[in-house]
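The structure appears right after this line, and notes come after that.
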Amino acid sequence: MLTFNKYNRYSTIIFFLLVVCLCKYSIAQIPSVVIKNTDNRSFNTSEIKNDGKPIVINFWATWCKPCLQELDAISEVYDNWQKETGVIIYAVSIDNARTTAKVSPFVDARGWDYKILLDPNSDFKRAMNVINVPHVFLLDGKGEIVYQHTTYAEGDEEAFFEQIKKVALSTNESENK
Amino acid sequence: MKNLSVSFLLLFIISNYLYAQNDNIGQIHGNFQIEAQYYQDDTLIGAQALPEHFGINSYSNFNYTKEKFSAGVRYEGYFPPLNGYDQRYKGAGIPFKYASYNADIIEITAGNFYEQYGSGLVLRAYEEKNLGYDNTFEGIRIKFNPYQGIYFKCLIGRQRNFWNYSGLVRGIDAELNANELIGKLKESKMQIGLGGSFVSKYQTDQDAVYKYPENVAAGAGRMNISYGKLNFSTEYVYKANDPSFDNGKIYKHGEALLINATYSQKGLGIFFAAKRIDNMSFRSDRSASLSELSINYIPDITKPHTYSMPAMYPYVTQITSEMGMQTEIIYTIKKESKIGGKYGTNISLNYSVANNIQKSPPSDTSIIGVDGTLGYKSDFFALGDEFYFQDFNIQINRKISPDFKTTFMYQNLTYNQDIIHGANNKLTHGMIYTNAFVADMTYKIIKNTAMRVELESLFTEQDYGNWAMAVVELSIPHFFFTIIDQYNFGNPDNNLRVHYYSCAIGFNKGAHRFEVGYGKKRAGVICVGGICRAVPASNGFTLSITSSF
């Protein structure tokens with residue numbers, strides 16, 4: 001049992017040492033976690049790939065309003081985004097058993113064309129260090145995380161698309177070399 | 001603790017050294033969250049400052065991953081816990097630590113882990129920081145995937161209870177997906193998945209009066225069938241007799257049934273859920289209650305509301321007796337149509353209802369619910385006479401122009417506060433009937449700059465009476481500014497017809513977010529994913545920082 005009284009200086013030192021590393025390291029690659037797709041089949045997150053083109057992983061929930069605003073806004077321009085950059089969006093729902101069955105009809109009714117994944121016990125969310133939704137990751141052609149954001153405000157998708165274009169461009173350049 | 005600290009320091013130094021030697025030596029990543037509040041006394045609204053003035057909850061996760069290996073720790077500090085969190089969290093330490101190896105067909109985790117079997121009716125360990133809920137296991141888990149489409153998950157461990165670990169839980173879960181398993185079915189329109197779980201807990205019996213079962217087992221079976229866009233899934237759990245504090249020490253078995261059915265096509269989604277819960281409190285300690293040491297999770301089947309007024313009276317699953325259903329229809333009216341308008345309109349209709357189950361005496365000579373007996377008999381298909389909850393709501397999202405979006409909502413709610421808040425022993429006001437209205441308008445002023453106005457009201461003759469609420473929010477790149485007023489204009493007590501003003505400023509960049517706020521907050525109930533926390537009224541400053549790396 002660990003109590004406040006027994007909390008010793010060792011753990012203080014370690015805690016601050018680790019906070020220092022906050023600036024130094026970061027998550028770079030997608031961990032391998034088995035979750036589900038909307039067909040109820042198992043899906044290993046290490047299979048998130050897009051032939052060297054950009055990938056977006058968007059953590060959301062049916063009860064999260066800014067998430068829906070963001071995914072609705074992107075949905076309207078997703079065709080253009082795909083044509084221009086070849087990006088694929090994986091929308092990972094963290095809805096738990098209360099609402100997880102609702103995800104599929106919810107997505108269809110809104111007409112979203114994203115690849116939908118279900119993470120009902122937040123296993124993938126935890127592995128990706130996500131605290132709240134929305135939390136969005138942008139991966140380059142090599143599958144490395146190059147950009148993240150955690151909130152959505154009206155119009156943010158335009159700035160986000162600039163990031164995606166940058167990634168698509170740098171991927172093309174490295175291919176040409 | 002000392003040993004742990006030293007070993008972790010070594011791990012840190014080694015990984016640091018290796019990282020400098022080679023870029024491909026693994027990653028250290030994690031996140032950091034702090035929620036703090038400075039409390040002021042406000043006797044009018046019943047806000048009490050803590051003796052320490054401040055409440056601080058903080059969480060830091062540090063993970064190391066290198067190919068198939070991962071390990072990590074979580075530091076938690078409560079100096080002291082925020083008001084409304086269980087004060088047994090007071091203190092600091094490292095309650096979560098694990099190491100895991102994942103070779104494709106087998107994954108072994110030692111230390112702490114979260115897990116869910118099926119929909120969680122028989123076993124679910126999870127964390128919900130906003131509620132102060134964490135029933136993580138500490139033990140060993142093995143996931144075994146011998147063949148594509150066949151999955152086993154075995155575990156043994158103790159459960160977290162604030163700063164202690166207690167109980168003993170053993171479980172095995174098997175899942176079979178026919179479409180993954182059988183080559184011919186890979187592209188089939190029909191999808192079939194089956195699963196089964198067995199969970200058992202052990203607790204010694206030293207009671208002088210009753211002979212308690214020391215081992216209590218529960219078994220569950222589940223099925224998921226879909227054909228095209230039609231989907232049906234169900235899970236049933238049977239639990240052996242398990243006299244406990246929750247069920248009044250009766251020796252009856254427990255049962256739970258959950259059914260979900262959906263249909264969808266582009267522009268239309270239909271969702272139906274039903275459940276029956278009979279004596280399904282399942283904890284690793286028979287004397288535990290509320291959020292302590294739950295092995296399973298019984299989901300609410302009501303809509304989780306995001307707006308404040310419709311969410312003022314949230315439902316809480318009744319784990320000992322409940323029968324309920326929910327249905328929701330979501331429809332998008334096409335763009336460029338007469339009703340849909342130029343940009344389309346999205347409508348969702350939702351209805352949910354919950355009741356108790358029917359109960360009758362276990363024999364001709366006894367009465368219902370006597371401790372030490374079978375307690376009661378229940379007809380599986382019959383409703384009881386106690387009404388818990390009903391929620392009808394309609395929500396319309398309509399885009400008026402590319403720069404102007406609106407959401408309107410109406411809710412009619414019936415809420416049995418005696419039952420739903422009963423467990424918290426708070427003053428309750430019987431049956432509450434409310435009507436709530438919401439209008440939410442977002443206008444994009446220029447690129448990246450938007451103004452959002454939210455107007456809400458709630459009308460009721462019970463409890464605290466009528467409320468009105470306004471939110472104004474301005475967002476510019478990386479910043480937002482919010483002002484909120486909740487006005488309890490219909491409080492039966494004239495002195496309590498007060499404004500709850502608050503304001504907040506937030507900054508975010510990348511995976512980092514800061515928010516500071518000041519103001520009064522009303523007493524309420526926060527619910528996330530089916531469990532709830534009562535939040536007392538407060539007045540003061542708040543600070544929130546989240547950061548992932």
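The values are calculated or read from the model by the stated rules, or taken from the named source; none is laboratory data. Being a predicted model, the structure only gives us computed values, none of them experimental. Note: ideal-geometry Cβ built from the backbone for every residue, glycine included; neighbour counts use all protein chains shown.
How many residues does region B:26-63 hold that are in a strand (DSSP E or B), within 11 Å of another protein chain (Cβ to nearest Cβ) and without any contact (Cβ under 8 Å) to a residue 60 or more places away in the chain? Residues in region B:26-63 being in a strand (DSSP E or B), within 11 Å of another protein chain (Cβ to nearest Cβ) and without any contact (Cβ under 8 Å) to a residue 60 or more places away in the chain: 7 in total. Can you pull out every residue in region B:320-346 that is closer than 28 Å to residue B:239 by Cβ and not hydroxyl-bearing (Ser, Thr, Tyr)? Those that are closer than 28 Å to residue B:239 by Cβ and not hydroxyl-bearing (Ser, Thr, Tyr): B:322, B:323, B:324, B:325, B:326. Checking B:172, B:192, B:156 one by one, the residue that is under 23 Å from residue B:120 (Cβ atoms) and in contact with a helix residue (DSSP H, G or I) (Cβ under 6 Å, 6 or more places away or on another chain) is B:192 and no other.
Filtering region A:38-59 to residues that are out of contact with any Lys or Arg (no Cβ under 8 Å at 6 or more places or on another chain) and within 13 Å of another protein chain (Cβ to nearest Cβ) leaves A:38, A:39, A:40, A:41, A:44, A:45, A:46, A:47, A:57. Restricting attention to region B:1-59 and to residues that are within 30 Å of residue A:29 (Cβ to Cβ) and of a type in the set (Ser, Thr, Tyr), the residue that is modelled with the lowest pLDDT turns out to be B:19. With respect to residue B:417, is the statement that it is under 30 Å from residue B:243 (Cα atoms), in contact (Cβ under 8 Å) with a residue 40 or more places away in the chain and away from chain A (no Cβ under 14 Å) true? Against the criterion (under 30 Å from residue B:243 (Cα atoms), in contact (Cβ under 8 Å) with a residue 40 or more places away in the chain and away from chain A (no Cβ under 14 Å)), residue B:417 qualifies. Each residue in region A:113-140 was checked for being of a type in the set (A, V, I, L, M, F, W, C), facing chain B (nearest Cβ under 10 Å) and under 18 Å from residue A:157 (Cβ atoms), and 2 of them qualify. All of B:342, B:334 fail the test of being among the basic types (Lys, Arg), closer than 19 Å to residue A:107 by Cβ and at pLDDT below 95, apart from B:334.
The single condition among (1) modelled with pLDDT of 90 or more; (2) buried (at least 20 other Cβ atoms within 10 Å of the Cβ); (3) in contact with a helix residue (DSSP H, G or I) (Cβ under 9 Å, 6 or more places away or on another chain) that residue B:80 does not satisfy is (2).
When restricted to residues that are in a strand (DSSP E or B), touching a Phe, Trp or Tyr at 6+ places or on another chain (Cβ under 6 Å) and closer than 22 Å to residue B:115 by Cα, region A:118-151 contains 0.
Among the residues of region B:191-214, those identified as outside any strand (DSSP E or B) and not charged (D, E, K, R) are B:203, B:204, B:206, B:208, B:209, B:210, B:212, B:213.
Taking the listed residues A:2, A:18, the one that is at pLDDT below 65, crowded, with 16+ Cβ neighbours inside 10 Å and closer than 30 Å to residue B:117 by Cβ is A:2, with no other qualifying. Before we move on, is residue A:98 among the basic types (Lys, Arg), over 27 Å from residue B:62 (Cβ atoms) and out of contact with any Gly (no Cβ under 6 Å at 6 or more places or on another chain)? For residue A:98, the condition - among the basic types (Lys, Arg), over 27 Å from residue B:62 (Cβ atoms) and out of contact with any Gly (no Cβ under 6 Å at 6 or more places or on another chain) - is not met.
Counting only strands (runs of 3 or more DSSP E) that sit completely within region B:100-159, those holding 1 or more residues that are within 11 Å of chain A (Cβ to nearest Cβ), over 14 Å from the mean Cα position of the chain (by Cα) and charged (D, E, K, R) correspond to B:106-113, B:115-117, B:137-147.
Residues of region A:105-112 include none that is without any contact (Cβ under 8 Å) to a residue 24 or more places away in the chain, in a loop (DSSP other than H, G, I, E, B) and under 18 Å from residue A:70 (Cβ atoms).
When each of A:150, A:62 is tested for being among the hydroxyl-bearing types (Ser, Thr, Tyr) and at the interface with chain B (Cβ under 7 Å from one of its Cβ atoms), the lone residue that passes is A:150.
Listed by position, the strands (runs of 3 or more DSSP E) contained in region B:439-549 that have at least 1 residues being facing chain A (nearest Cβ under 10 Å) and over 23 Å from residue B:83 (Cβ atoms) are B:449-460, B:467-476, B:479-487, B:499-509, B:512-521, B:538-548.
Whenever a residue of region B:285-297 is more than 16 Å from residue A:97 (Cα to Cα), its partners that are acidic (Asp, Glu), lying with C-beta atoms within less than 6 angstrom and at least six residues away or across chains, give the pairs B:293/B:285. When B:428, B:406 are screened for being hydroxyl-bearing (Ser, Thr, Tyr) and touching a residue at least 12 places away in the same chain (Cβ under 8 Å), only B:406 passes. If only residues of region B:256-291 that are more than 30 Å from residue B:344 (Cβ to Cβ) and surrounded by fewer than 19 Cβ atoms within 10 Å (Cβ to Cβ) are counted, the one that is nearest to the other protein chains (Cβ to nearest Cβ) is B:259.
Note on region B:337-351: residues that are more than 12 Å from chain A (Cβ to nearest Cβ), surrounded by fewer than 17 Cβ atoms within 10 Å (Cβ to Cβ) and in a strand (DSSP E or B) amount to 2.
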